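Worksheet: one structure, shown below.
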Amino acid sequence: MGHHSYSKEYLQLQQRLDKSPQGAPASDTLFEILKILFTEEEAALVSKLPIRFFTIPKAAKIWRKSEEETATILNTLADKGLIVDLQSGDERRFVLAPTMAGFFEFSIMRTDGKFDTQLLSELYHQYINLEDDFMAIFKLDPAIDRVLVQEDSIPERYYSEVLDYERVSHIIDTASCITVGQCYCRHKMEHAGEACDNPQDVCLTFNTTAKSLSTHGIAKEISKKEAHAIIKRVQDLGLVQIGDNVQEGVKNVSTGDQSFRLHYQRWGPH
């Protein structure tokens, strides 16, 4: 590997990204991805950002820049889907998106041509599907995602035992904002010439993250009725719903082929 041939800015960014639970193992492929998504200056600045949420004044202090200049840079990064911005009352907070589920997906979820999705898809396929190091993300304990129940398939006598956080309908009904975007996995595999024939416009994001994606044109805001229709559509196709492995504040729900996604998860059929 010729990692030494990349500038120190990208090397430092990789090290910063690798601190997240999902990680970002060093790879020539990863550095090529980062060069597409981040300018050299952005890479240097982002590598200095904290793990937890931060504000414009906090970033300005770290970067030794004015708050006005800092806000402009953060807005540009949010427009690219590299940083997520959340409004909490009168305070605007930011957090660096992880690789997955994060800016890997956001970069090819969009349809405005900001990035070369063909090239990125090829690089993502190489980094995630063919190289070994990043595959460790699927062995994290606890897992980063979980399968949600297929509510219509549960006998009525057992239905009262299904908890709200296990039901995608509850996640939809209680969401403050919902967006739909292109399915990262299928979009990527389409460019690799290996896509299945399932729909791509079915990836749902919720609440504050959804608001950020909508504001920056990365995903489209939809109604709860439209979200329910999407879930019905994919369930009729025999797909499962896979969401964040949390009980509250679910941000993402995607759909996967049952035989494929469950094959790699601990909750697969016995």
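Take the Cα of S66, go 7 Å toward its beta carbon, and the backbone nitrogen atoms of region 31-48 under 20 Å from that spot belong to 42, 45.
For region 8-133, what relative contact order do you get, as a whole percent, if you take Cα pairs closer than 8 Å and at least 6 residues apart?
Details: 133 pairs, mean separation 32.9, N = 126.
Relative contact order comes out at 26 percent.
Apply the a/c threshold of 1.5 to the C-alpha gyration tensor of region 169-234 and tell me whether it is rounded, prolate or oblate. It comes out oblate by the Cα gyration axes. Its convex hull of Cα atoms gives region 9-77 a direction-averaged projected area, equal to a quarter of the hull surface, of 4.5 nm².
For region 48-103, the normalised intensity computed at q = 0.23 Å⁻¹ comes to -0.90 (log10 of I(q)/I(0), Debye sum over alpha carbons, equal scatterers, no solvent).
Computed from point charges on the beta carbon alone (+1 for Lys and Arg, -1 for Asp and Glu), the dipole magnitude for region 8-133 about its Cα centre is near 580 Debye. Its residue count N fixes a reference of 2.2 N^0.38 Å for region 8-133, and the Cα radius of gyration divided by that reference is 1.04.
Take the Cα of L119, step 7 Å toward its Cβ, do the same at Q87, and the gap between the two points is 3.5 nm. Per-residue Cβ neighbour counts within 10 Å put L237, L11, L37 in the sequence L237, L11, L37, beginning with the fewest.
None of the figures in this text is laboratory data; all of them are computed from the coordinates on show. Quantities reported herein were computed from a predicted structural model and do not represent experimental measurements. Note that each Cβ is placed from the backbone with ideal geometry, even for glycine, and that neighbours are counted across all protein chains shown.
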